[in-house]
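**Student:** Below: one structure in structure tokens.
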Amino acid sequence: MTRYTLLFGGKAGQGPNILTNLLGSALVKYGYYVFYSRDYQSLIRGGHNFNVLTFCENPLFSNDYEVDLMVALDEVTEETHKKELKKNAVILKGKKENMYYAGAIFKLLGIEFKALDDELKILKKRYEENIVQAKKGYQEEKRTIAQLERKKTKAYFTSGSESIAQGAIKSGLDVYYGYPMTPSTPVLGELAGRAVDNRFLLVELENEISVIGAAIGSAITGAKTMVGTSGGGFDLMTENISLAGMADVPLVVYLAQRPGPATGVPTYTSQGDLNLTRHAGHGEFQRVVLAPGDPKECQELVSRAFYFSQTFKIPAIVISDKHLAESYYTLTEPIKITKSKKLTSLKKYNSYEHDDYGISTEDARIVRSNFDRRLKKQEEIAKEAEKFEGYKLYGKRDSKNMIVSWGSTKGAILDCIKDLDLCFLQIIHIDPFPKAIERLLRDKNLILIENNSTAQLGQLIAEKTGVFIGDKHKILRYDARPFLHDELKLAIKGRMR
Amino acid sequence: MVRPNILTNKKYTWCPGCPNFQILAGVKKTVEDYMVASKNKEEFAMVTGIGCHAKIYDYINLPGLNSLHGRVPPVALGLKLGNPRLNVLGFSGDGDAYAEGLGHTIHAARFNSNWKYLIHNNQVFSLTVGQPTPTTEIGFKEKTTPLGVKLQPLNPIKMMLSVGATFVARVFADAKQVEWVLKQALRHRGFAFIEILQPCIIFHAQAMQYKNNLYWLEKAGHDKTNLEQAMKRADEFDYNVAKKIPVGIFYQVKKPVFEDQFPQLKKLGKNGWKDIKR
């Protein structure tokens, strides 16, 4: 059950990513569960970037604060992170090649050298040089911190971004429009390499307004269309989201949150845009907002977003964040894709209130009946949504302590509740909000966990259920960093009954 | 075949005598001629912005989108990428194309997607009752501009020439002129920029006199393959003083078309992606 945490730090460009990817991939194939997150600054060369990789023989979905092994590719790394080191932690440093460190780490963890050789073969690039360095590192390292044994596994290692892209392709994506913005950009990269072979289009346009405008143009021809962006880009899209609401246009919008307001902390994480997705766009119109908590749910909810957008001709928003988008998870469960038909055809669409034929109108009777039609659509959406898993419960169902949360906090929470008297309610359908929630919250000692400063899920719960969660029952993190397992566990314990 | 009629029976709400009626007549004639010539095989779609021009969406029975202010180019591009076989006509006012959506207009020229952009330039925001746009002349006064316009108007023809548009034309809002230029544009494979001088008879009636100052580039021996000549001709009318207004095609050149870069689009059938089953 031991969790090991490894930290790889250095300047941007020194290559901590290659090292972490390689170790993560090898550990997963070796039968272990790995969670790996990236902390990087908004710069290209220099600065201080680090990756944290936590692994265990049992499932895990978050990192720890305390570090067992540190690879310091520069002095800043050691200086910055020495307070996180465990008492007998191992530090690898000195001017060595990356693959020398790889060799040393495999030795320290007691993994056979062949596993590293396999990864270097997959990496391909500079194999001859890499293998020499790796062997040297493996031979010269004399310490061990673990003796890992190879186990049978069916697990796969993937990130939120890879899964959003994969989910879109499995949903029958025809056209994806985007404009680069961290942390939504990796989805662009994932899709770009696969567009020709999988026969869909990936188009980058001059700004997010153009991106969603073009998406609406393609969507009304009947194409399955999706856009992706982050905070500021989403702001720019909102007028067109309102247009999609008025004109009955099916559209999937992927929003990868980062800390705002404004440019905020662009390469870090936050859950500050929940209210934005619920209220984006002027006027009253229907939408679906879905919040995945891990890469499996990313795939499933993108397909669900396509289903709802196509069936009801509405914008459907999938809200993720940097922590989910750019972290790698080890998953084992099969993925359930929701199939959807293309139900839209080219006809007259209109941003004005319009008659059945699509011609503009100011007629009071038609305006009212259009609102009534849209309100009825809202009811139908809510009814259909009840057929899906709009929330999930984990842990001890009958516990009096209940954690409530949404999105990427799921990983750290799941790791925390394992041996505690706790139930965890993950809310997946933000809009329409599942009816059952109200009943589930009754008579529980609630603990609300969010990666924002104003408890936006708490606001939503209060609005929909009348249940107000007091400040003492909230654990909010808003320093642009994700929750860590060991730190969060202490905070949870302090609020349990 | 029976000649199609692409007009709807929606009641007109343009002012009586508005030059927009001339544009409507020119577009109707051109599109119907195309439908007849192709035995109804040519399919058209249209996109409009917001303003007086956009009322044309309700008067023409073509599918598409009456979109947002300034956002015609992205929607038109999206239609072409959704179904490259569509003949897409975009309609905008000067507020759309030169104010709210100027960036899109420039990128549309750069992309060179195969759709046609008709700008109803009346040099004023008419539907909001008369404020100045980027092409309003210096000295123009109205309620929100009591001191008069101080800014040099934008010259959209020069702008489009300088950003690489492959078809740049101007006509006056006259049915025959619109028909002529739209037919030329539909024969051009690529993006076509067509500015139509369409005086607002309520808020910018002084522009009606332009009609008397027009001259045809073709008849004046203009070489439409010569960019330098085109720039000089474009300079002759700066949207302030109308002594001599060139009309016709300033410039036309062949360049790669945006849609052609995607092998994925080549095998699509007549309904575009709609028919692709996965």
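**Student:** Does region A:189-204 hold any residues that are crowded, with 22+ Cβ neighbours inside 10 Å and more than 7 Å from every other protein chain (Cβ to nearest Cβ), and which are they?
**Tutor:** If the condition is that a residue be crowded, with 22+ Cβ neighbours inside 10 Å and more than 7 Å from every other protein chain (Cβ to nearest Cβ), then A:LEU191, A:LEU202 are the ones that fit.
**Student:** Let me ask you something else. Within region A:433-453, can you find the residues that are hydrophobic (A, V, I, L, M, F, W, C), touching a Lys or Arg at 6+ places or on another chain (Cβ under 8 Å) and assigned to a loop (DSSP other than H, G, I, E, B)?
**Tutor:** If the condition is that a residue be hydrophobic (A, V, I, L, M, F, W, C), touching a Lys or Arg at 6+ places or on another chain (Cβ under 8 Å) and assigned to a loop (DSSP other than H, G, I, E, B), then A:PHE433 is the only one that fits.
**Student:** Which of the strands (runs of 3 or more DSSP E) contained wholly in region A:16-88 include at least 2 residues that are farther than 24 Å from A:ILE122 by Cβ?
**Tutor:** On the way: elements: A:33-39, A:46-56, A:67-72.
Where strands (runs of 3 or more DSSP E) fall fully within region A:16-88 and carry at least 2 residues being farther than 24 Å from A:ILE122 by Cβ, they are A:46-56, A:67-72.
**Student:** Residues A:ILE430, A:ILE469: which one is in a loop (DSSP other than H, G, I, E, B) and either over 17 Å from A:PRO482 (Cα atoms) or among the acidic types (Asp, Glu) (or both)?
**Tutor:** A:ILE469
**Student:** Condition test on A:VAL132, is it surrounded by fewer than 23 Cβ atoms within 10 Å (Cβ to Cβ), outside any loop (DSSP other than H, G, I, E, B) and without any contact (Cβ under 8 Å) to a residue 60 or more places away in the chain? First the steps, then the outcome.
**Tutor:** Numbers: surrounded by fewer than 23 Cβ atoms within 10 Å (Cβ to Cβ): yes; outside any loop (DSSP other than H, G, I, E, B): yes; without any contact (Cβ under 8 Å) to a residue 60 or more places away in the chain: yes.
Judged against the criteria, A:VAL132 is a match.
**Student:** Sticking with this one: Across region A:232-244, what is the total count of residues that are in contact with a Pro (Cβ under 8 Å, 6 or more places away or on another chain) and either under 22 Å from A:PRO261 (Cβ atoms) or not in a helix (DSSP H, G or I) (or both)?
**Tutor:** 1
**Student:** Any idea which of (1) in contact with an Asp or Glu (Cβ under 6 Å, 6 or more places away or on another chain); (2) over 30 Å from A:LEU375 (Cα atoms); (3) of a type in the set (S, T, N, Q) is the one A:THR465 doesn't satisfy?
**Tutor:** Only one criterion is unmet by A:THR465, namely (2).
**Student:** Taking the criterion of being facing another protein chain (nearest Cβ under 7 Å), buried (at least 20 other Cβ atoms within 10 Å of the Cβ) and in contact with a Ser or Thr (Cβ under 6 Å, 6 or more places away or on another chain), would at least one residue in region A:249-258 satisfy it?
**Tutor:** No, the conditions are met nowhere in region A:249-258.
**Student:** Of B:LYS80, B:LYS29, B:LYS41, B:LYS11, which residue is basic (Lys, Arg) and under 21 Å from B:THR128 (Cα atoms)?
**Tutor:** B:LYS11
**Student:** In region A:386-401, which residues are farther than 27 Å from A:LYS322 by Cβ and of a type outside the set (Gly, Ala, Ser)? Outline the logic, then answer.
**Tutor:** Kept after step one, since they are farther than 27 Å from A:LYS322 by Cβ, are these residues of region A:386-401: A:386-387, A:396-401.
Correct list: A:GLU386, A:LYS387, A:LYS396, A:ARG397, A:ASP398, A:LYS400, A:ASN401.
**Student:** Return the residues of region A:167-201 that are part of a loop (DSSP other than H, G, I, E, B), in contact with a Leu (Cβ under 7 Å, 6 or more places away or on another chain) and without any contact (Cβ under 8 Å) to a residue 24 or more places away in the chain; say none if nothing qualifies.
**Tutor:** Within region A:167-201, just A:ALA195 meets the criteria.
**Student:** Evaluate region B:50-65: report whether one residue or more is under 23 Å from B:GLU179 (Cβ atoms) and free of Cβ contacts under 8 Å to residues at least 24 places away in the same chain.
**Tutor:** Yes, region B:50-65 contains at least one residue that is under 23 Å from B:GLU179 (Cβ atoms) and free of Cβ contacts under 8 Å to residues at least 24 places away in the same chain.
**Student:** Hey, does region B:16-30 have a residue that's of a type outside the set (S, T, N, Q) and either over 18 Å from B:ASP174 (Cα atoms) or within 10 Å of chain A (Cβ to nearest Cβ) (or both)?
**Tutor:** Taking every residue of region B:16-30 in turn, none turns out to be of a type outside the set (S, T, N, Q) and either over 18 Å from B:ASP174 (Cα atoms) or within 10 Å of chain A (Cβ to nearest Cβ) (or both).
Residues are listed down the side, and each one gets a yes or a no for (1) buried (at least 16 other Cβ atoms within 10 Å of the Cβ); (2) within 22 Å of the chain's Cα centre (by Cα); (3) of a type in the set (S, T, N, Q); (4) modelled with pLDDT of 95 or more:
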residue: A:GLU379; (1), (2), (3), (4): no, no, no, yes
residue: A:GLU384; (1), (2), (3), (4): no, no, no, yes
residue: A:LYS387; (1), (2), (3), (4): no, no, no, yes
residue: A:LEU393; (1), (2), (3), (4): no, yes, no, yes
residue: A:GLY411; (1), (2), (3), (4): yes, yes, no, yes
residue: A:ILE417; (1), (2), (3), (4): yes, yes, no, yes
residue: A:PHE424; (1), (2), (3), (4): yes, yes, no, yes
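**Student:** Related question: Looking at B:GLU137, is it in contact with a Gly (Cβ under 6 Å, 6 or more places away or on another chain) and either of a type outside the set (A, V, I, L, M) or modelled with pLDDT under 95 (or both)?
**Tutor:** So B:GLU137 does not fit the description; no.
**Student:** Here is a further query. Cβ-Cβ distance below 8 Å, separation of 6 or more or different chains: which pairs start in region A:385-396 with a residue that is among the basic types (Lys, Arg) and end on one that is modelled with pLDDT of 95 or more?
**Tutor:** Listed pairs, sorted by first residue: A:LYS392/A:LEU425; A:LYS392/A:GLN426; A:LYS392/A:ILE428; A:LYS396/A:ASP421; A:LYS396/A:LEU422; A:LYS396/A:CYS423.
**Student:** Mind listing whichever residues of region A:215-239 are within 11 Å of chain B (Cβ to nearest Cβ) and within 20 Å of B:ILE276 (Cα to Cα)?
**Tutor:** A:ALA215, A:ILE216, A:GLY217, A:SER218, A:ALA219, A:ILE220, A:THR221, A:GLY222, A:ALA223, A:LYS224, A:THR225, A:VAL227
**Student:** Could you please let me know if B:LEU118 is under 22 Å from B:TRP216 (Cα atoms) and either of a type in the set (Asp, Glu) or at pLDDT 95 or above (or both)?
**Tutor:** Judged against the criteria, B:LEU118 is a match.
**Student:** May I pose another question? Looking at region A:144-161, is at least one residue in contact with a Cys (Cβ under 7 Å, 6 or more places away or on another chain) and farther than 25 Å from A:THR2 by Cα?
**Tutor:** Yes: one or more hits.
**Student:** Right, next: Out of everything in region B:228-278 that is of a type in the set (A, V, I, L, M, F, W, C) and within 30 Å of A:ARG194 (Cα to Cα), what residue ends up being nearest to the other protein chains (Cβ to nearest Cβ)? Full working, then the answer.
**Tutor:** Going through region B:228-278, the residues of a type in the set (A, V, I, L, M, F, W, C) turn out to be B:230-231, B:234, B:237, B:241-242, B:245, B:247, B:249-250, B:253, B:257-258, B:262, B:265, B:268, B:273, B:276.
Those still in the list that are within 30 Å of A:ARG194 (Cα to Cα) too: B:257-258, B:262, B:265, B:268, B:273, B:276.
Values: B:VAL257: 14, B:PHE258: 9, B:PHE262: 6, B:LEU265: 7, B:LEU268: 10, B:TRP273: 4, B:ILE276: 6 Å.
Across region B:228-278, the extreme among qualifying residues is B:TRP273.
**Student:** Among the listed residues A:ILE164, A:ILE145, identify the single one that is of a type in the set (A, V, I, L, M, F, W, C), closer than 18 Å to A:TYR329 by Cα and away from every other protein chain (no Cβ under 12 Å).
**Tutor:** None of the others qualify; the one that does is A:ILE164.
**Student:** On to the next question. Filter region B:185-216 for residues that are of a type in the set (S, T, N, Q) and within 17 Å of B:PRO246 (Cα to Cα) and give the result.
**Tutor:** B:GLN198, B:GLN209, B:ASN212, B:ASN213
**Student:** Any residue in region B:208-230 that is outside any strand (DSSP E or B) sitting within a Cβ distance under 7 Å of a residue that is acidic (Asp, Glu)? List the pairs, counting only those 6 or more apart or interchain.
**Tutor:** Partner pairs satisfying both residue conditions: B:GLN229/B:ASP223.
**Student:** So, one more: Residues being touching a Phe, Trp or Tyr at 6+ places or on another chain (Cβ under 7 Å) and under 19 Å from A:ASP486 (Cα atoms): count how many of those fall in region A:82-104.
**Tutor:** Of the residues in region A:82-104, 1 are touching a Phe, Trp or Tyr at 6+ places or on another chain (Cβ under 7 Å) and under 19 Å from A:ASP486 (Cα atoms).
**Student:** In addition: Just one of A:ILE475, A:ILE469 is under 20 Å from A:SER270 (Cα atoms), of a type in the set (Val, Ile, Thr) and modelled with pLDDT of 95 or more; which is it?
**Tutor:** Sole residue among the options that is under 20 Å from A:SER270 (Cα atoms), of a type in the set (Val, Ile, Thr) and modelled with pLDDT of 95 or more: A:ILE475.
**Student:** In region A:27-52, what count of residues is obtained for those that are within 19 Å of A:LYS96 (Cβ to Cβ) and surrounded by 22 or more Cβ atoms within 10 Å (Cβ to Cβ)?
**Tutor:** Counting residues in region A:27-52 that are within 19 Å of A:LYS96 (Cβ to Cβ) and surrounded by 22 or more Cβ atoms within 10 Å (Cβ to Cβ) gives 3.
**Student:** Among the residues of region B:173-189, write down those that are surrounded by fewer than 23 Cβ atoms within 10 Å (Cβ to Cβ) and either among the aromatic types (Phe, Trp, Tyr) or in contact with a Lys or Arg (Cβ under 6 Å, 6 or more places away or on another chain) (or both).
**Tutor:** Within region B:173-189, B:GLU179, B:TRP180 meet the criteria.
**Student:** Specify the residue that is surrounded by the fewest Cβ atoms within 10 Å (Cβ to Cβ); the eligible residues are those in region B:137-161 that are of a type in the set (A, V, I, L, M) and closer than 17 Å to B:ALA99 by Cα. So that I can check it myself, show each step before the final result.
**Tutor:** Here is the first cut: in region B:137-161, the ones of a type in the set (A, V, I, L, M) are B:138, B:147, B:149, B:151, B:154, B:157, B:159-161.
With the extra rule that they be closer than 17 Å to B:ALA99 by Cα, the set shrinks to B:138, B:149, B:151, B:154, B:157, B:159-160.
Values: B:ILE138: 15, B:VAL149: 18, B:LEU151: 10, B:LEU154: 18, B:ILE157: 25, B:MET159: 19, B:MET160: 28.
By that ranking, first place goes to B:LEU151.
The values are calculated or read from the model by the stated rules, or taken from the named source; none is laboratory data. Please read all numbers here as calculations on a predicted model, not as lab measurements. Quick reminder, even Gly has a Cβ in these numbers, built from the backbone with ideal geometry, and neighbours come from all protein chains shown.
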